[in-house]
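Notes follow once the structure below has been shown.
Read the figures in this text as sums done on the coordinates, not as results from a lab. What you see is a predicted model, and the numbers here were worked out from it, not measured in a lab. Glycine also receives a Cβ, built like all others from the backbone with ideal geometry; neighbour counts cover every protein chain displayed.
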Amino acid sequence: MTPAPEYVAPHGLLRGKSVLVTAAAGAGIGYAAARRCAEEGCRALVVSDVHERRLAEAVASIRGETGLEAVHGQLCDVSRQDQVQALMDFAEERLGGTDVLINNAGLGTSRRIVEMADDEWQRVIDITLGGTFRMTRAALAVMQPRARGVIVNNASVLGWRAQAEQAHYAAAKAGVMALTRCAAIEAAEYGIRVNAVAPSIAIHAFLRKSASEELLASLAAREAFGRGAEPWEVANVMVFLASDYSSYMTGEVVSVSSQHA
């Protein structure tokens, strides 16, 4: 197994920009992305989640770790349109206009198709794909009149590849990929870019609660580096897509994976 690299020093890629990140509490990709945005010089940051205590802890942690005082938290269930709109209104006010949206919210469970009830299928689809759609719609509504903005979605390699017990999650993530491409075409005339990352496996505490160590070890063994990604390694690619360094990229889904070719 190739060990994880040292944490990469920031380069000011988001200097002067404002950022909104969904599902950013805890120890996963969303928190890593939010922290990375702060480290990369964003002028203000709004993070959202459905867990009030963890959200407050995330806000305090990002402020303490990065020195950015303009970090704000807002509860949001992305399956509810009223809360999505409230989050967008909150972000617009606190950020003085949202430059970057990172759609990280998603839900996954493990279930074989013949054992899956309609409500489990629908909930995974509604949060993972429907939530990304609602947030994208809300963001475009405020970005288009300004003729600027960037949206970065969190997809998954399961949008391309098959895995048992993941039909609902894979279908949702494939939908995120298609939504990314279509939204990019509609947004291009306004100078807005929409891209996505597709991680293979990023190991963090929440994933360990929903998957067995045996499954995680098996998935990590398929990677060329023999390990899962650190959440910040995925966040680095999100920040690149949010930055001006990717100014000619839109409608792209970038695999963040070391899987064997």
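So the values come out like this:
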{"read-out": "Relative contact order for the chain, counting Cα pairs under 8 Å that sit 6 or more residues apart, in percent", "value": "20"}
{"read-out": "Dipole magnitude of the range 103-213, debye to nearest 20 (Cβ charges: Lys/Arg +1, Asp/Glu -1, about Cα centre)", "value": "400"}
{"read-out": "Ranked M1, M116, M238, M88, criterion: other C-beta atoms within 10 Å, fewest first", "value": "M1, M116, M88, M238"}
{"read-out": "The range 23-105, relative contact order [Cα under 8 Å, separation at least 6], %", "value": "29"}
{"read-out": "Cα lying deepest toward the dipole's positive end in the chain, options T180, L87, M249, charges on Cβ", "value": "M249"}
{"read-out": "Nearest 10 degrees, 0 to 90: helix 52-66 Cα axis against the chain principal axis", "value": "70"}
{"read-out": "Candidates L45, L140, L107, ranked by Gaussian network fluctuation over the chain, Cα under 10 Å, top entry", "value": "L107"}
{"read-out": "The range 18-256 - charge dipole about Cα centre, Lys and Arg +1 at Cβ, Asp and Glu -1, debye rounded to 20", "value": "240"}
{"read-out": "Which of T66, V150, S200, positive extreme of dipole for the chain (C-beta unit charges)", "value": "V150"}
{"read-out": "Among 6-12, 133-139, 66-72, 161-167, the order from most to least packed when residues are scored by Cβ within 10 Å on average", "value": "133-139, 66-72, 161-167, 6-12"}
{"read-out": "GNM result for the chain, Cα springs below 10 Å: residue of V84, V114, V176 fluctuating most strongly", "value": "V114"}
